[in-house]
Amino acid sequence: MKRNILLLVLAMLALTPLRAQEGPDEDQLGAWYMYFFNADFGDSGFGVQGDYQFRFWEPAGDLEQILLRTGLTYSPRGAGIKFTLGYGNITTGVPGESTSTVNESRIYQEALFPQKIGGRFLLTHRLRYEQRWVGDQDFRTRYRYNLFVNVPLNATELRRRTVYLALYNEIFINGQREIGDGRRVGFFDRNRTYLGLGYGLRKNLRTQVGWMKQTTANWGKGQLQFSLHHSW
């Protein structure tokens, strides 16, 4: 009996470091550096949009993700909505000293529609559906809803020299729960809540800096966000 207890304690001690490496250091502030772009092809209703993101578990080190995403857009005349069909390639790192990475290919469809409340509250709703091929996992899907809120402080529109508050909240829900080899993920994937301050550098170029809290079923972590938003 004593021998079995001793073996159990030793096994638990041996597994402790491995468990500590499963998630990121929740007390370490990370940083995301991002560039968003969109362009319309004249009056055709078609265009392109995308984003390139470099995410780190620390302010300038310990790779979290490199995300490269581009899509073809279509805005039906007079409908006030924009549809996107796109592709993303994502390289995800492991928190800590490990340099191993996992690659993901992703196809996504989204609908984006703006809404204005009062004279200053500029809302944008985004619904996104993703089909994902992640490393050694089975095919996966995910549903996302994001509510963006921009509040100009010295104007009523986002233009040159406009200072504005930027907020958003996005929730992620998993589709397929079984991901292969007996592994299973939960219904809830993650939630992101963001608060930032933006400035209009030009009519078609804005910059933002803010703080985002990302919460999953296993951990929660704060991230600084630095972004450029460019309309061609």
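Nothing in this text is a laboratory measurement; each read-out follows from the coordinates by a stated rule. This structure is a prediction, so every number in the text was calculated from the model and none was measured. Note that each Cβ is placed from the backbone with ideal geometry, even for glycine, and that neighbours are counted across all protein chains shown.
Looking at the range 50-127, none of the chymotrypsin sites (Phe, Trp or Tyr not before Pro) sits in a DSSP loop with at most 12 other Cβ atoms within 10 Å of its own Cβ. Database remark: amide H of Gly175 closer than 5 angstrom to the amide H of Thr141, Arg142, Tyr143 (H placed geometrically; neighbours at sequence offset of 5 or more, or on other chains; Pro and chain starts carry no H).
Each of Leu195 and Glu26 was given a label point 7 Å from its Cα along the Cα-to-Cβ line. The distance between the two points is 2.0 nm. One chain, two ends: Thr101 and Val151. Fully extended at 0.36 nm per residue, the span grows by 14.2 nm beyond their Cα-Cα distance. Ordering Ser231, Ser100, Ser105 from the fewest to the most neighbouring beta carbons within 10 Å gives Ser100, Ser105, Ser231.
Counted residue by residue at 0.36 nm each, then reduced by the alpha carbon distance between them, the extension gain from Arg160 to Asp136 reaches 4.0 nm. The phi-based Karplus calculation (6.51 cos²θ - 1.76 cosθ + 1.60; θ = phi - 60°) puts the 3J(HN,Hα) values of the range 158-170 at 8, 9, 4, 6, 7, 9, 8, 7, 10, 9, 7, 9, 10 Hz, whole numbers, x for Gly and Pro. Output the relative contact order of the chain, whole-number percent, from Cα pairs under 8 angstrom with separation of 6+ residues. After rounding, I find 16 percent.
For the range 130-232, the relative contact order comes to 21 percent (Cα pairs under 8 Å, sequence separation of at least 6).
Our helix-only sum for the chain, with -39,500 (n - 2.57) per DSSP H run of n ≥ 4 divided by its residues, gives a mean residue ellipticity at 222 nm of -3000 deg cm²/dmol.
Among the GluC sites (Glu not before Pro) within the range 97-139, those in coil by DSSP and having at most 10 neighbouring Cβ atoms inside 10 Å are Glu97.
Residues whose amide H falls under 5 Å from that of Asp138, counting only those 5 or more places apart or on a different chain, are Gly180, with hydrogens built in the peptide plane. Taking only the alpha carbons of the range 26-231, we obtain Rg and Dmax values of 17.7, 55 Å in that order. Computed from backbone phi, the HN-Hα couplings of the range 28-33 come to 8, 6, x, 8, 10, 10 Hz, rounded to whole numbers (Karplus: 6.51 cos²θ - 1.76 cosθ + 1.60, θ = phi - 60°; Gly and Pro given as x). Along the chain, the exposed loop sites are trypsin sites (Lys or Arg not before Pro) outside DSSP states H, G, I, E and B with at most 14 other Cβ atoms within 10 Å, and the longest stretch free of them is 78-158.
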